[in-house]
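All remarks here apply to the structure that follows.
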Amino acid sequence: MVELQNVSVTYSGGVDALNNVSLKINDGDFAFVVGSSGAGKSTMIKLLLKEIDATSGTVTVNGYNLSKLKKRKIPEFRRTLGFVFQDFRLIPSMTVYENIAFVLRVLDAPLKYIRKRVPYVISLVGLHAKTNSYPDELSGGEKQRVAVARALMNRPAVVMADEPSGSLDSQNKEELHQLFFELRKAYGQTFVIVTHDESLASMTDRTIHIIDGQIANP
(Lines give C-alpha, C1' and ligand atoms only; values in the text may rest on other atoms or scores of the structure.)
Protein backbone atom coordinates (compact mmCIF):
# COMPACT_ATOMS: atom_id res chain seq x y z
CA MET A 1 0.00 0.00 0.00
CA VAL A 2 1.06 3.56 -0.75
CA GLU A 3 -0.41 6.40 1.30
CA LEU A 4 0.26 10.12 1.59
CA GLN A 5 -1.46 12.04 4.38
CA ASN A 6 -1.47 15.85 4.20
CA VAL A 7 1.93 15.83 2.51
CA SER A 8 3.67 19.01 1.42
CA VAL A 9 7.11 19.48 -0.10
CA THR A 10 8.62 22.94 -0.18
CA TYR A 11 11.98 23.40 -1.87
CA SER A 12 14.51 26.09 -1.01
CA GLY A 13 13.29 29.45 -2.22
CA GLY A 14 9.75 28.70 -1.05
CA VAL A 15 8.65 26.68 -4.10
CA ASP A 16 5.78 24.36 -3.22
CA ALA A 17 6.23 21.16 -5.27
CA LEU A 18 3.42 19.36 -3.42
CA ASN A 19 0.76 21.11 -1.37
CA ASN A 20 -1.21 19.22 1.30
CA VAL A 21 -1.57 16.04 -0.77
CA SER A 22 -3.56 13.06 0.54
CA LEU A 23 -3.66 9.90 -1.54
CA LYS A 24 -4.09 6.15 -1.03
CA ILE A 25 -3.11 3.45 -3.54
CA ASN A 26 -4.26 0.03 -2.36
CA ASP A 27 -2.46 -3.30 -2.73
CA GLY A 28 -2.96 -4.62 -6.26
CA ASP A 29 -3.92 -1.27 -7.78
CA PHE A 30 -2.71 -0.41 -11.28
CA ALA A 31 -2.41 3.36 -11.03
CA PHE A 32 -1.23 6.00 -13.46
CA VAL A 33 -0.07 9.32 -11.99
CA VAL A 34 -0.57 11.87 -14.74
CA GLY A 35 0.47 15.51 -14.92
CA SER A 36 2.25 18.06 -17.03
CA SER A 37 5.92 18.95 -16.62
CA GLY A 38 6.44 20.68 -13.27
CA ALA A 39 3.15 19.45 -11.80
CA GLY A 40 4.87 17.51 -8.99
CA LYS A 41 5.15 13.98 -10.43
CA SER A 42 8.92 13.68 -10.00
CA THR A 43 8.68 15.01 -6.47
CA MET A 44 6.14 12.33 -5.63
CA ILE A 45 8.38 9.57 -7.00
CA LYS A 46 11.34 10.90 -4.99
CA LEU A 47 9.18 10.88 -1.87
CA LEU A 48 8.06 7.28 -2.45
CA LEU A 49 11.67 6.15 -2.95
CA LYS A 50 12.82 8.03 0.16
CA GLU A 51 15.17 10.18 -1.93
CA ILE A 52 13.71 13.31 -0.35
CA ASP A 53 11.63 13.92 2.78
CA ALA A 54 8.28 15.61 3.06
CA THR A 55 8.30 19.08 4.59
CA SER A 56 5.13 18.06 6.43
CA GLY A 57 2.72 15.14 6.50
CA THR A 58 3.19 11.36 6.48
CA VAL A 59 4.32 9.05 3.67
CA THR A 60 3.75 5.29 4.08
CA VAL A 61 4.90 2.65 1.58
CA ASN A 62 4.69 -1.12 2.15
CA GLY A 63 4.16 -0.58 5.86
CA TYR A 64 7.17 1.72 6.27
CA ASN A 65 6.53 5.19 7.65
CA LEU A 66 9.06 7.08 5.54
CA SER A 67 8.74 10.16 7.71
CA LYS A 68 10.29 8.21 10.60
CA LEU A 69 12.47 5.74 8.69
CA LYS A 70 16.05 5.64 9.93
CA LYS A 71 18.83 5.95 7.36
CA ARG A 72 20.15 2.45 8.07
CA LYS A 73 16.70 1.02 7.23
CA ILE A 74 16.43 2.66 3.78
CA PRO A 75 18.14 -0.23 1.85
CA GLU A 76 15.80 -2.72 3.53
CA PHE A 77 12.80 -0.61 2.55
CA ARG A 78 13.93 -0.21 -1.07
CA ARG A 79 14.23 -3.96 -1.46
CA THR A 80 10.42 -4.08 -1.21
CA LEU A 81 10.22 -1.95 -4.38
CA GLY A 82 10.90 -2.45 -8.06
CA PHE A 83 11.75 0.61 -10.12
CA VAL A 84 11.80 1.15 -13.88
CA PHE A 85 13.79 4.11 -15.17
CA GLN A 86 13.03 5.99 -18.37
CA ASP A 87 16.64 5.71 -19.57
CA PHE A 88 16.90 1.93 -18.90
CA ARG A 89 20.22 2.16 -16.93
CA LEU A 90 21.53 -1.14 -18.27
CA ILE A 91 25.21 -2.06 -17.90
CA PRO A 92 26.65 -2.08 -21.46
CA SER A 93 29.26 -4.79 -20.79
CA MET A 94 26.67 -7.25 -19.44
CA THR A 95 24.25 -9.48 -21.35
CA VAL A 96 20.51 -9.43 -20.76
CA TYR A 97 20.92 -12.37 -18.37
CA GLU A 98 23.77 -10.68 -16.48
CA ASN A 99 21.98 -7.32 -16.20
CA ILE A 100 18.96 -9.00 -14.66
CA ALA A 101 20.95 -11.36 -12.43
CA PHE A 102 22.98 -8.44 -11.11
CA VAL A 103 20.08 -7.39 -8.85
CA LEU A 104 20.20 -10.68 -6.94
CA ARG A 105 23.98 -10.90 -6.92
CA VAL A 106 24.15 -7.56 -5.11
CA LEU A 107 21.85 -9.09 -2.48
CA ASP A 108 24.07 -12.20 -2.19
CA ALA A 109 21.25 -14.47 -3.30
CA PRO A 110 22.23 -18.16 -3.70
CA LEU A 111 23.54 -19.05 -7.16
CA LYS A 112 20.99 -21.86 -7.46
CA TYR A 113 18.15 -19.41 -6.92
CA ILE A 114 19.60 -16.92 -9.41
CA ARG A 115 19.88 -19.62 -12.09
CA LYS A 116 16.23 -20.50 -11.57
CA ARG A 117 14.79 -17.02 -11.13
CA VAL A 118 16.51 -15.17 -14.00
CA PRO A 119 15.30 -17.36 -16.90
CA TYR A 120 11.80 -17.30 -15.42
CA VAL A 121 11.67 -13.50 -15.28
CA ILE A 122 13.22 -13.22 -18.76
CA SER A 123 10.39 -15.40 -20.07
CA LEU A 124 7.81 -13.21 -18.32
CA VAL A 125 8.88 -10.20 -20.38
CA GLY A 126 9.21 -12.15 -23.63
CA LEU A 127 12.98 -11.90 -24.08
CA HIS A 128 14.06 -15.55 -24.04
CA ALA A 129 15.62 -15.20 -27.49
CA LYS A 130 17.71 -12.24 -26.29
CA THR A 131 19.15 -13.84 -23.14
CA ASN A 132 22.77 -13.59 -24.31
CA SER A 133 22.46 -10.27 -26.18
CA TYR A 134 24.14 -7.06 -25.05
CA PRO A 135 22.24 -3.77 -24.62
CA ASP A 136 23.60 -2.27 -27.85
CA GLU A 137 22.08 -5.23 -29.73
CA LEU A 138 18.57 -4.49 -28.41
CA SER A 139 15.82 -2.16 -29.59
CA GLY A 140 14.49 0.53 -27.27
CA GLY A 141 11.46 -1.59 -26.43
CA GLU A 142 13.64 -4.60 -25.65
CA LYS A 143 15.88 -2.53 -23.39
CA GLN A 144 12.86 -1.35 -21.45
CA ARG A 145 11.65 -4.93 -21.08
CA VAL A 146 15.04 -5.79 -19.55
CA ALA A 147 14.55 -2.89 -17.15
CA VAL A 148 11.10 -4.24 -16.23
CA ALA A 149 12.52 -7.74 -15.69
CA ARG A 150 15.21 -6.31 -13.43
CA ALA A 151 12.55 -4.48 -11.39
CA LEU A 152 10.68 -7.76 -10.86
CA MET A 153 13.67 -9.83 -9.73
CA ASN A 154 13.26 -9.32 -6.00
CA ARG A 155 9.50 -10.03 -6.01
CA PRO A 156 8.64 -6.44 -5.00
CA ALA A 157 5.28 -5.60 -3.47
CA VAL A 158 5.19 -2.32 -5.41
CA VAL A 159 6.60 -1.61 -8.87
CA MET A 160 7.14 2.06 -9.75
CA ALA A 161 8.00 3.53 -13.12
CA ASP A 162 8.98 7.11 -13.94
CA GLU A 163 8.06 7.98 -17.55
CA PRO A 164 9.00 4.42 -18.62
CA SER A 165 7.78 4.92 -22.18
CA GLY A 166 9.16 8.41 -22.67
CA SER A 167 11.86 7.30 -25.12
CA LEU A 168 9.76 4.68 -26.96
CA ASP A 169 7.76 4.91 -30.16
CA SER A 170 3.98 4.53 -30.05
CA GLN A 171 3.94 0.77 -30.72
CA ASN A 172 6.57 -0.05 -28.10
CA LYS A 173 4.87 2.32 -25.68
CA GLU A 174 1.57 0.46 -25.98
CA GLU A 175 3.29 -2.93 -25.72
CA LEU A 176 5.16 -1.88 -22.58
CA HIS A 177 2.06 -0.74 -20.76
CA GLN A 178 0.19 -3.85 -21.85
CA LEU A 179 3.05 -5.86 -20.33
CA PHE A 180 2.65 -3.95 -17.04
CA PHE A 181 -1.08 -4.66 -17.07
CA GLU A 182 -0.59 -8.38 -17.74
CA LEU A 183 2.03 -8.71 -15.00
CA ARG A 184 -0.21 -7.03 -12.48
CA LYS A 185 -3.15 -9.21 -13.49
CA ALA A 186 -1.08 -12.38 -13.18
CA TYR A 187 0.89 -11.63 -10.00
CA GLY A 188 -1.13 -9.03 -8.11
CA GLN A 189 1.64 -6.51 -7.59
CA THR A 190 0.86 -2.84 -7.17
CA PHE A 191 1.96 -0.69 -10.11
CA VAL A 192 2.45 3.08 -9.85
CA ILE A 193 3.33 4.54 -13.25
CA VAL A 194 4.17 8.22 -13.56
CA THR A 195 3.68 9.79 -16.98
CA HIS A 196 2.75 13.01 -18.74
CA ASP A 197 0.97 11.04 -21.50
CA GLU A 198 -2.73 11.04 -20.68
CA SER A 199 -3.51 8.83 -23.70
CA LEU A 200 -2.14 5.88 -21.74
CA ALA A 201 -4.64 6.33 -18.93
CA SER A 202 -7.25 4.30 -20.83
CA MET A 203 -5.16 1.18 -20.12
CA THR A 204 -5.48 1.41 -16.35
CA ASP A 205 -8.22 1.07 -13.77
CA ARG A 206 -7.16 4.22 -11.95
CA THR A 207 -5.76 7.56 -13.05
CA ILE A 208 -4.50 10.15 -10.56
CA HIS A 209 -4.07 13.68 -11.88
CA ILE A 210 -1.52 16.06 -10.35
CA ILE A 211 -2.09 19.74 -11.11
CA ASP A 212 0.20 22.39 -9.65
CA GLY A 213 1.26 20.18 -6.76
CA GLN A 214 -2.20 19.00 -5.81
CA ILE A 215 -4.19 15.85 -6.48
CA ALA A 216 -7.26 16.58 -8.59
CA ASN A 217 -8.92 13.20 -7.95
CA PRO A 218 -7.54 11.33 -4.90
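The values are calculated or read from the model by the stated rules, or taken from the named source; none is laboratory data. Here the structure is a predicted model, which is why all the values come from computation and not from measurement. As a convention, Cβ positions derive from the backbone with ideal geometry for all residues, glycine included, and neighbour counts pool all protein chains shown. Ligands, DNA and RNA are excluded from the accessible area calculation, which covers all protein heavy atoms including side chains. Shrake-Rupley method; radii C 1.70, N 1.55, O 1.52, S 1.80 Å.
Regarding segment 40-52, can at least one residue be identified that is more than 26 Å from residue 205 (Cα to Cα) and in a strand (DSSP E or B)? No.
Looking at 14, 38, 63, 57, just one residue is out of contact with any strand residue (DSSP E or B) (no Cβ under 8 Å at 6 or more places or on another chain), closer than 20 Å to residue 216 by Cβ and open to solvent by 20 Å² or more (accessible area, probe 1.4 Å), and that residue is 38. Return yes when residue 175 is more than 25 Å from residue 49 (Cβ to Cβ) and of a type outside the set (S, T, N, Q) and no when it is not. Spelling it out, residue 175 is indeed more than 25 Å from residue 49 (Cβ to Cβ) and of a type outside the set (S, T, N, Q).
The lone criterion from (1) of a type in the set (Gly, Ala, Ser); (2) assigned to a strand (DSSP E or B); (3) in contact with a His (Cβ under 9 Å, 6 or more places away or on another chain) left unmet by residue 82 is number (3). Among the residues making up segment 105-138, those that are crowded, with 16+ Cβ neighbours inside 10 Å and in contact with a Pro (Cβ under 9 Å, 6 or more places away or on another chain) are 134, 135. Where residues in segment 176-198 are acidic (Asp, Glu) and at pLDDT below 80, which of them is farthest from the chain's Cα centre (by Cα)? Once the filter is applied, the top-ranked residue is 198. Residues that are of a type in the set (A, V, I, L, M) and crowded, with 18+ Cβ neighbours inside 10 Å: does segment 86-99 have at least one? Scanning segment 86-99, I find at least one residue that is of a type in the set (A, V, I, L, M) and crowded, with 18+ Cβ neighbours inside 10 Å, so the answer is yes. Here residue 44 meets each of (1) among the aliphatic types (A, V, I, L, M); (2) surrounded by fewer than 20 Cβ atoms within 10 Å (Cβ to Cβ); (3) out of contact with any Ser or Thr (no Cβ under 9 Å at 6 or more places or on another chain) with one exception, condition (2).
Looking across segment 66-79, the residues that are open to solvent by 60 Å² or more (accessible area, probe 1.4 Å), assigned to a loop (DSSP other than H, G, I, E, B) and either at pLDDT 95 or above or out of contact with any strand residue (DSSP E or B) (no Cβ under 9 Å at 6 or more places or on another chain) (or both) come down to 70, 79.
Can you confirm whether residue 83 is modelled with pLDDT of 90 or more and open to solvent by less than 70 Å² (accessible area, probe 1.4 Å)?
Numbers: modelled with pLDDT of 90 or more: yes; open to solvent by less than 70 Å² (accessible area, probe 1.4 Å): yes.
So residue 83 passes the test.
Taking the condition in a loop (DSSP other than H, G, I, E, B), under 21 Å from residue 164 (Cβ atoms) and either of a type in the set (Val, Ile, Thr) or under 23 Å from the mean Cα position of the chain (by Cα) (or both), does residue 141 pass?
Numbers: in a loop (DSSP other than H, G, I, E, B): no; under 21 Å from residue 164 (Cβ atoms): yes; either of a type in the set (Val, Ile, Thr) or under 23 Å from the mean Cα position of the chain (by Cα) (or both): yes.
So residue 141 fails the test.
Considered as a group, the residues in segment 15-37 that are of a type in the set (Gly, Ala, Ser) and assigned to a strand (DSSP E or B) include one that is modelled with the lowest pLDDT, and that residue is 31.
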